[in-house]
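The block underneath contains the structure these notes are about, expressed in structure tokens.
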Amino acid sequence: MLRATLKSLLARKLRLILSGLAVVLGVMFVSGAFVLTDTLGRSFDTIFSDAYVGTDVGVTAKPKIDVNEMEGMPVAATFPAATLDQVKAVPGVATATGLALADGARVIGSNGKVLTSFGPPQMGSNWTGESGLVKLREGRGPTADDEVTINAGVAEAAKLSVGDRVGVLTLQPKREFTVVGIFGYSGDRDSLGGAQEVTFTERVAQELMLGQPGVWSELTVKAADGVDPAALRDDIATALGDGYVVKTGEQLSDDATAGMKEGLSFFNNILLGFAGVALFVGIFLILNTFSIIVAQRTRELALLRAIGAGRRQVIGSVLVEAVVIGLVASVLGLAAGVGIGALLAYVFGQAVGGLQLAGIGVPANAVISSFVVGLLVTVVAAVLPALRASRIPPVAAMQDIATPDRPLTKISAAGAVVSALGGTLLALGLSGSTGDNTLWTILGGVLLAFIGVALLTPLISRPVVSLLGRLFAWSVPGKLGRLNSGRNPRRTAITAAALMVGIALVTGVTVILDSAKSSITALAEDTISAELVISGSQTGARPPSFDPAVLQKAAELPGVAMVAGLYGDRAQIGDKQTFIAATSDVAALRDIYRVTPTAGSIDSLGPNQLLVDSGTAQDRGLSVGDTVPVQLSRGEAQTYTVTGIYAESDLFGGFLLPVSAATNFAVPQPTQAYLKLDSGASVDQVMPQVETLLADSPEVSVADRADFIDQQTSQFDQLLTMIQVLLALAILIAVLGIVNTLALSVLERTRELGLLRAIGLRRAQTMRMITVEAVVISVFGALLGVVVGTGLGAAVVRALREDGITHLVLPWTEMGLFLGLAAVIGVVAAVLPAIRAARLNVLSAIAHE
């Protein structure tokens, strides 16, 4: 039986290639994700090992608040310079060096624009001389307060040379320096992981990077010969007491690597999610392939039953084919995944500024997951066809090969039940009633909804396909293609369902993002009364900022009625960490945002006073007169008194502090400013004057209200584009499904096609018939996807109504584009099967059994 199965598989290898491709593409995504994260992880292992190679023990202070980079900008705590002397006095310390090191030194390139960084930090520190890691390539270290050295990565990106003047943004506004040196790193590297680094003199680094002189953010300690770093770490920790974090260089390297890998795991999970979608679509393709092949082998399988093969052997025969396909596809998918992972790693390395990659490796999890996923998908997809094959009676061997249409009652009932269950899970998840399991509940609901719709699709395929086919019924090939596409509703439904999943996800995401964009736009237009806004595009944890002096100068411009500057940060208030804001003019902000009081006064703020929105006040049990402890990123905790509560808004809320508090923010400069003009003042007249004020603040620009809103909502368009690109793989697999179905269908109808050719159907007409069939199935799948995706998107938008997403936007243009694209997909998918059908030898086809 095994020999017969393998020979049957070899005889049909071309038929199974396309179904195998679906698994190859899905496995490629899975293995590629693991190869990518493994390569990047080992690359950062090397970088951080090198970064701490000269450090036996590192000393830092405990941060004021522990901020995750996904939430805000972490700020290193400072400690007195006298701590350095304490550490030097510990027995076993050979050398100890103080560092005024912090993220946030943004270099202005020769083109007048700030060098951007998509991930790697922009470090500023004091120059400590050459070491085993840092090597000067040109010039010398800074000795005067207006001198800096830069790493070679910065020099290349900013097109700077020794002797050039360069502007640098730090905790203070733009300062001009002379580049006196350019340095690199061991191994002839221009940067460490794409990090941009600028070094100043000790005093300037403390002032600009840490905010005050006479403090350090970090100490690096070298142990004396024969001293164990772990023992020295313990001795230093004992000498310094609480308030300090003392770790060995190895621990520091491990911590840095772990933090980076945590971020990479998030990216890895996204890729695996899209791989899951691709494999889910692949199941439809493989299920259809095996169903058609089993139908075509009715006589063969019946003969096997007639000569003694049992049902289990028939099931085993089909599953063996699935296992062989799964194994081959897993091997090919793993190989392709290694290539894709290497390519993505290279792209990532270039994007972050020339990251030197470790050698491309194949981790065990990539190999294991490839074979587990590949085998699991193919075997699961082959189970139903295998069971169907085992039920073929031996008497079928004496009849013509035919598979009568089975009733759709059971599959339709199952589809209704599964759809109802999926809808229930979606409702529970979107209502937020499942707590920490909300995401999994929603994903489970979506999955069951897709399965339920796929099960219901055969019931609606015949009437809908017949209706769509009438568009082509003006010719004989068109009529034949319409009839062919509707003759087997199960096969048509499975083929269309594969395309439905990809189109539905894209449509649903488009509905959600377009609705969110429209809602935010409408809310901003109704809420913000300022005609001009100063802001910038945030590309990392640090928001763009500008010189606070611009606020006062802008307020003095002719035609400007009021200016409100906004500062932002994370803060620990009571037992919860939250976002907090400060403003330069409370009254102006109140008028610009049309904020109304619900208790107390919101006209002004004293040094130790704060305002809070009504929702937050209710959640925390606050009322006017209450006091709350506030710990900012810098400085000591202070107690603030609630002097006013304002009405909660979807656009503006939370705690609001006086501008004096911003000194201790992570970014002590305004990140936005709103300008309200006098009645009759022209935006065109005022805007150029504001642009002049921002000449030394290249991170931000001024825009009118409409352009500002467009800038803030443009991230939705970028997100949508990224999702569409990633879901293109699922749509590609669906196209393979259409090609596969048509190819197998042509083979199945060989004799029929021969008879049609014999009675006068020309080759061109045969090709048009196959093309019509493909287009009808493809458009049916896209139509189904548009309807399902719109329903899912509308449900999510409805659930987000209380969060401010109040406008439901249906992307009619995109929907029409998807349907048009489906028609093109149908034409492309029909090319090979149509050529094959047209080339059939008429006499051989008629004689085909």
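Quick note: the coordinates plus some simple rules give every number you see, no bench work behind them. None of the values given here were measured: they were computed from a predicted structure. Here Cβ is always computed from backbone atoms with ideal geometry, including for glycine, and neighbour counts include all displayed protein chains.
For Lys113, the lysines whose Cα falls under 25 Å of its own Cα, not counting residues fewer than eight places away in the same chain, are Lys159, Lys174, Lys553. Bridgeable lysines around Lys247 (alpha carbons under 20 Å apart, same-chain partners fewer than 8 residues away excluded): Lys62, Lys64, Lys88, Lys222, Lys261. Remark on region 544-608: Rg and Dmax equal 14.0, 46 Å (Cα only).
Between the entries (i) 36.2, 127; (ii) 33.4, 103; (iii) 28.8, 90, the label attached to Rg and Dmax of the Cα atoms in Å calculated for this structure is (ii). In whole angstrom, region 101-211 maps to an equivalent ellipsoid with semi-axes of 18, 16, 14, each derived as √(5λ) from the alpha carbon gyration tensor and ordered largest first.
Farthest toward the positive end of the dipole of region 101-211, out of Val114, Gly129, Ala102, is the Cα of Val114, where the dipole comes from beta carbon charges about the Cα centre. Here the chain is treated with +1 on each Lys and Arg Cβ and -1 on each Asp and Glu Cβ, and its dipole about the Cα centre works out to around 6760 debye.
Contact order, relative form, for region 101-211: 38 percent (alpha carbon pairs under 8 Å, 6 or more residues apart, mean separation divided by residue count).
What is the Å³ per residue value for the convex hull set by the Cα atoms of region 547-693? Could the numbers behind the result be given before it?
Values: hull volume 15.4 nm³, N = 147.
Value for region 547-693: 105 Å³ per residue.
Give me the distance between the Cα centres of region 252-294 and region 95-134, rounded to whole Å. When both Cα centres are located, 36 Å separates them. Centroid-to-centroid, using Cα positions, region 316-364 and region 187-250 are 40 Å apart. Packing, as the average of other Cβ atoms within 10 Å across residues, places the peptides 626-638, 559-571, 495-507, 786-798 in the order 495-507, 559-571, 786-798, 626-638, highest first.
Could you work out the Kirkwood radius for region 799-841, taking every pair of different alpha carbons, averaging 1/r and inverting it, reported in Å? Each step should come with its number before you reach the end.
Working: mean 1/r = 0.0724 Å⁻¹.
Value: 13.8 Å, from the Cα pair sum.
The long axis of helix 438-469 is offset from the longest Cα principal axis of the chain by roughly 40 degrees.
Computed from Cα atoms, the angle from the helix 409-431 axis to the main principal axis of the chain rounds to 10 degrees. A crude spin-label estimate for the pair Glu130 and Leu843, with each label 7 Å from Cα along the Cβ direction, gives 8.8 nm.
Positive-end ranking of Ser679, Ala496, Gly259 along the dipole of the chain, with charges on Cβ about the Cα centre, is headed by Ala496. Based on DSSP H segments of at least four residues, each scored -39500 (n - 2.57), the chain has a per-residue ellipticity at 222 nm of -19000 deg cm²/dmol.
Helix 683-693 versus the longest principal axis of the chain: what angle, 0 to 90°, nearest 10, using Cα atoms? Here the helix axis deviates by roughly 60 degrees. Distance between the C-alpha centres of region 515-558 and region 781-847: 40 Å, rounded to the whole angstrom. Across the chain, C-alpha contacts under 8 Å between residues 6 or more apart give a mean separation that, scaled by the residue count, equals a relative contact order of 16 percent.
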